[in-house]
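Asks: Sharing a structure here in structure tokens format.
The values are calculated or read from the model by the stated rules, or taken from the named source; none is laboratory data. Keep in mind that what you see is a predicted model, and the values were worked out from it rather than measured. Don't worry about glycine lacking a Cβ; one is built from the backbone with ideal geometry, like all the others, and counts go over all protein chains shown.
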Amino acid sequence: MDLSGKRVLVTGGAGLVGSHMADLLAPDNDVLVADDLSNGYRDWVPDDAEFVDVDLTDPDGVSEVVTPDIDAVFHFAASKNVDTDRPREQFDENNAMTYGLLERMDEVGVSNLAFTSSSTVYGEAPRPTPEDYAPLEPISIYGASKLAEEGLLSTYAHTHDFTVWTFRFANIPGPAFDGSVIPDFVEKLDENPETLTVLGDGRQEKSYLHVEECVDAIRHVVEHADDAHNVYNLGTRTTTSVNRIADIVADEMGVNPEYEYTGGDRGWTGDVPKMRLSVEKLAALGWEPPLSSDGSVRKAARQLVERLE
Ligand SMILES: NC(=O)c1ccc[n+]([C@@H]2O[C@H](COP(=O)([O-])OP(=O)(O)OC[C@H]3O[C@@H](n4cnc5c(N)ncnc54)[C@H](O)[C@@H]3O)[C@@H](O)[C@H]2O)c1
């Protein structure tokens, strides 16, 4: 799809990935951001985008922002904790939001949808995991919710003439204090530079793709892949262990802490301790991750440390 000059809706556009997507698209597109600010920030929405504060689990809210003049929807709004203490609400809200968007898009004739799924749909799969790996056996409600949403998208692609791009993200760090491992370490070391508590044994090892590269890859795929349902992994060829993240963050902060471990092979129930996605399909479409996983972690760590100052 040629995006230039198009009117696009970015759901979750006040959050980490959505605000970067809105930033990237705003110079060449007419961008509308819809977000209920439950985990986003009004001042992250670029000045040259329109903003509507709306709860997208509410059909009236969806009708307000999905109108016939929209050419494409970038759907990034979600409740995204893997270890949530409200699993049923998370599953219901995320699926209600996605199903409601699809129904409304169909009603008003909008048929292009980019969706942020996750590596968690693969569960504990062999690595590097390609897009056609099966069976898909998530081990968290978050992963189950993403897989169910992918099923809805696939259905609309194959029976309602939609073009859908599903992005299965590795970990996407950036300048957001959102509770994930890099900001968690930055905040803990800011409070106590002597000792760092690490969840699990520190040997969990995953692939990290910086958010700025992630949104660039999304735009590239939307502009170059034109099947009815386009499924792409977004990640790096390399991984970074939790111990290595601790070293990088400590180095960026100029501290030298002792590490204490909570133990076990994973951070929490439902955590997949080792993840690396195959990015060969993405490479074949002409997009290569410019940074290694370590490079992405360092870039995010540096941005977060700068925000502390
Ligand atoms: N960051 C990652 O590492 C990562 C990894 C895999 C998948 N994802 C997916 O990418 C997408 C974006 O993630 P992110 O890291 O930017 O998260 P984020 O929490 O920063 O952004 C999500 C945004 O959605 C908004 N939102 C939530 N519920 C809403 C509702 N009912 N109505 C309107 N807005 C609502 C929040 O306010 C927030 O601004 C999510 O779908 C997430 O599941 C992210």
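Asks: State whether one or more residues within the stretch 102-116 are hydroxyl-bearing (Ser, Thr, Tyr), crowded, with 23+ Cβ neighbours inside 10 Å, over 19 Å from Phe162 (Cβ atoms) and touching a residue at least 60 places away in the same chain (Cβ under 8 Å). First the steps, then the outcome.
Replies: Taking the stretch 102-116 and keeping what is hydroxyl-bearing (Ser, Thr, Tyr), we get 111, 116.
With crowded, with 23+ Cβ neighbours inside 10 Å added as a condition, the list becomes 116.
Right, trim to over 19 Å from Phe162 (Cβ atoms) and you get none.
No.
Asks: Tell me, please, whether a residue that is away from the ligand (no atom under 14 Å from the Cβ) and under 21 Å from Asp106 (Cα atoms) can be found in the stretch 8-18.
Replies: Yes, some residue in the stretch 8-18 is away from the ligand (no atom under 14 Å from the Cβ) and under 21 Å from Asp106 (Cα atoms).
Asks: Shifting gears a bit: Quick one: in the stretch 136-194, of everything that is among the hydroxyl-bearing types (Ser, Thr, Tyr), within 13 Å of the ligand (Cβ to nearest atom) and modelled with pLDDT of 95 or more, which residue is surrounded by the most Cβ atoms within 10 Å (Cβ to Cβ)?
Replies: Among them, the one singled out is Ser145.
Asks: Note down all Cβ pairs under 8 Å where the first residue falls in the stretch 233-246 and is free of Cβ contacts under 8 Å to residues at least 60 places away in the same chain and surrounded by 22 or more Cβ atoms within 10 Å (Cβ to Cβ), the second is among the aliphatic types (A, V, I, L, M) and not in a strand (DSSP E or B), and they're at least six residues apart or on different chains.
Replies: Thr240/Ile248; Thr240/Val297
Asks: Restricting attention to the stretch 236-261, which residues are of a type in the set (Gly, Ala, Ser), at negative phi and not in a helix (DSSP H, G or I)? Show your work before the answer.
Replies: Keep residues of the stretch 236-261 that are of a type in the set (Gly, Ala, Ser), which gives 241, 246, 250, 254.
Next cut, at negative phi only: 241, 246, 250.
The answer is Ser241, and nothing else.
Asks: Just checking, does the stretch 125-143 include any residue being within 18 Å of Ser63 (Cβ to Cβ) and in contact (Cβ under 8 Å) with a residue 12 or more places away in the chain?
Replies: no
Asks: Here is a check on your reading of the model: is Leu234 within 13 Å of the ligand (Cβ to nearest atom) and of a type in the set (A, V, I, L, M)?
Replies: In short, yes.
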